[in-house]
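Student: Would you mind keeping the following structure in view while I ask a few things?
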Amino acid sequence: MKGQRFVLLGLVGFVSFLSGGWLLQQGAQQGGNVYQKARLFDDVLGYVSEYYVDSISEADLYDLAIDGLLKELDDPYTGFLREEDFRELTESTTGNYGGLGIRIDVRDGWITIIAPIAGTPAEDAGLTTGDRIVEVEGESTYGWNNDKAVEVLRGEPGSSVTIGIARPGMPEVMPYTLERAEIHIKAIQVATVLRGDVGYVSLVNSFVSETLADELTEAINALQASGANSLVLDLRYNPGGLLDQGVAVADLFLDPGDEVVATKGRARGTSETYAAKARQRWPDLPMVVLVNQGTASASEIIAGALQDHDRALVVGTATFGKGLVQNVLRLGRYEALRLTTARWYTPSGRTIQRDREAQQLLARGQDLGPGDTTQAFLTDAGRTVYGGGGIRPDLVVAPDTLTTPEQEFVRALGAKLPAYRDAMTSYALELKAENAISGRPVQVTDAMRAEVLERMREKQVDITDAQYADAADLVSQQLAYEIERYVFGREAESRRRIGDDPQVQKAIDLLAEAESSEQLFSLANAERGTRRNP
């Protein structure tokens, strides 16, 4: 116990060092120095270890002490990372893991392949969208959740796993023995040309790829080669990721010396300004950036920098407002301290960090208005943007919302929502197996909706005929997405969704009229004026 107490004194000293002497200052103000406080804490730890009614190991007590200290900081982004947490963080910040290379989801109780990732063992083996993984090493997967499937299917590169695949139209389960490989997660989910000459790139995954800027450059060059002369960069629901990748992406669209973001912290070395270094790749490419309440962190850095330098028109709804910098301090081979050390600021001086209450309101879909109008900032061209946390779009465009009857339908589904999704998926897979869908776009008929309702009722989903009829448009739309995905592939589904997306369509409308960035801003200003003065 004595040896561990010396370790504790060292830990307290280390925390004091990290916090810039905060503990020392507080101790002096309250009549006791840091060493007295450490001895007091050590005594409390000793008494709890010896006399507490339940037995708690000394190791667990130290873990509780660390967790308690960090919890009192009231910062959800600060925490102590143990071995499993540290491995997950490593995966999330490198974009690499050992596995088969498939996106999966649970459908009708089975692990179902949403899409194989290009260039992975899954794609090389011929696995395809709609395949069900019904066995792993001879064990049935029925009833597994995503977490268990991921845990079992992932592993060290070079190791192998045997799975059983049930494929629509095939009478028997097909065995596959696949060798796991290092899988690289790409942030670019969709890159395509829309409505003639508008390029569209969707960055939904976190900025974990160390080659993201190169991948984005390649994608935009390919779009231009296919005829695109403007660009929609979709950052909606992108949770951000690595700071350097956010800076690298912004650098593609800015001039050398243009500030991208500034960090401001209390400790030495935590305040820094990041600026673009290379020449713009596509200076004459009019550009719209799409954002919403799911746009956070490094995604907000990009949106804020391009907005402040008048390089892109930001369209959508207010972003999440995650503008805190975390440093990961290694404390052992598989242990680390993730500690908030600074805040992010856009080039015009706006703080990206939003207060917790506003973040929660955004998560519930509440409109936060134009921002804090007492905090006015200017872009390079003199446009006014407001502070208050997050990035406010230049043009607010609401997403598609459910009608009142459709909301009632969703509420009536309640806990049976997964059964509703399963009914659609099983029907889509059956249509695929029977080669019943021959052309696109998929047209959903009354008979097809009736089939889904019958399958729902077989799964004990209690929906009235009237409720189902009132939600016919919603059901048709969602069934079309499922059929497009499982019959024609993920890209077909994405294009169908884009066609129904009012925010993307507004961006396309604006870019179709504008031949330059200046015209793009003028069109947005005119539309805002029209909305204010109907």
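Student: Once both labels are modelled 7 Å past Cα along the beta-carbon direction, what's the ARG497-GLU458 spacing in nm?
Tutor: It works out to 2.7 nm between the two label points.
Student: Here are some values of Cα Rg over 2.2 N^0.38 Å: [x] 2.25; [y] 1.12; [z] 1.21. Which one was computed from this structure?
Tutor: Only one option fits the structure, namely [y].
Student: So what J values fall out for segment 99-107 if you push phi through Karplus, 6.51 cos²θ - 1.76 cosθ + 1.60 with θ = phi - 60°, rounded to Hz, Gly and Pro as x?
Tutor: x, 9, x, 9, 9, 10, 8, 8, 10
Student: In addition: Can you list residues whose amide H is under 5 Å from GLY294's amide H, if they're 5+ apart or on another chain and H is modeled 1.01 Å from N?
Tutor: TYR237
Student: Right, here's the next one. Go through segment 516-527 residue by residue and turn each phi into a ³J(HN,Hα) via Karplus (6.51, -1.76, 1.60, θ = phi - 60°); whole Hz please, and just put x for glycine and proline.
Tutor: Using θ = phi - 60°, the values come out as 8, 5, 4, 5, 4, 5, 5, 4, 5, 4, 5, 5 Hz.
Student: If you average the sequence gap of Cα pairs under 8 Å that are 6 or more apart and divide by the length of the chain, what percent do you get for the contact order? Mind dumping the intermediate values first?
Tutor: Numbers: 964 pairs, mean separation 60.1, N = 534.
About 11 percent, as a whole number.
Student: When you count, for each residue, the other Cβ atoms within 10 Å and take the mean per peptide, how do 104-113, 271-280 rank with the highest first? Before the final figure, lay out each step's value.
Tutor: Values: 104-113: 20.3, 271-280: 15.1.
Top of the packing list down: 104-113, 271-280.
Student: Turning to a different aspect of this structure: Any idea how far apart TYR142 and TYR47 come out in nm if each label point goes 7 Å out from Cα toward Cβ?
Tutor: 5.8 nm
Student: Sticking with this structure for a sec: How high is the FRET efficiency from LEU378 to ASN525, r the C-beta distance, R0 22 Å, rounded to 0.05?
Tutor: Working: r = 15 Å, r/R0 = 0.69.
So, using R0 = 22 Å, E works out to roughly 0.90.
Student: At what distance in nm do the modelled label points of SER516 and VAL173 sit from each other, each positioned 7 Å from its Cα along Cα→Cβ?
Tutor: Rounded to a tenth, the inter-label distance reads 6.5 nm.
Student: Subtract the Cα-Cα distance of ASP124 and TYR62 from 0.36 nm times their separation in residues, and report this length gain in nm to one decimal. Walk me through the numbers before you get to the answer.
Tutor: Working: separation 62, 0.36 × 62 = 22.32 nm, distance 4.79 nm.
Stretched out fully, the ASP124 to TYR62 stretch lengthens by 17.5 nm.
Student: Which value at 222 nm does the chain reach when only helices count, each DSSP H run of 4 or more adding -39,500 (n - 2.57), with the total divided by all residues and rounded to the nearest 500 deg cm²/dmol?
Tutor: -12500 deg cm²/dmol
Student: Output ³J(HN,Hα) for segment 66-83: one whole-Hz value per residue in order, computed from phi by the Karplus curve 6.51 cos²θ - 1.76 cosθ + 1.60 with θ = phi - 60°, and x for Gly and Pro.
Tutor: With coefficients 6.51, -1.76 and 1.60, one gets 5, 5, x, 4, 6, 5, 5, 6, 6, 10, x, 9, 9, x, 8, 9, 8, 3 Hz.
Student: Please state the relative contact order of segment 96-184 as a whole percent: Cα pairs under 8 Å, 6+ residues apart? Intermediate results must be reported in sequence, preceding the final value.
Tutor: Values: 195 pairs, mean separation 30.7, N = 89.
Rounded, it is 35 percent for segment 96-184.
Student: Let me check against my output: what whole-number percent is the relative contact order of segment 161-318, with C-alpha pairs under 8 Å and at least 6 apart? Before the final figure, lay out each step's value.
Tutor: Numbers: 322 pairs, mean separation 30.9, N = 158.
Contact order relative to length: 20 percent.
Student: How big is the antiparallel share of DSSP beta bridges in the chain, given as a percent to the nearest 5?
Tutor: Values: 53 of 69 bridges.
Antiparallel bridges: around 75 percent, rounded to the nearest 5.
Quick note: the coordinates plus some simple rules give every number you see, no bench work behind them. All values derive from a computational prediction rather than experimental measurement. Positions of Cβ are generated from backbone atoms using ideal geometry, with glycine treated the same way; all protein chains shown enter the neighbour counts.
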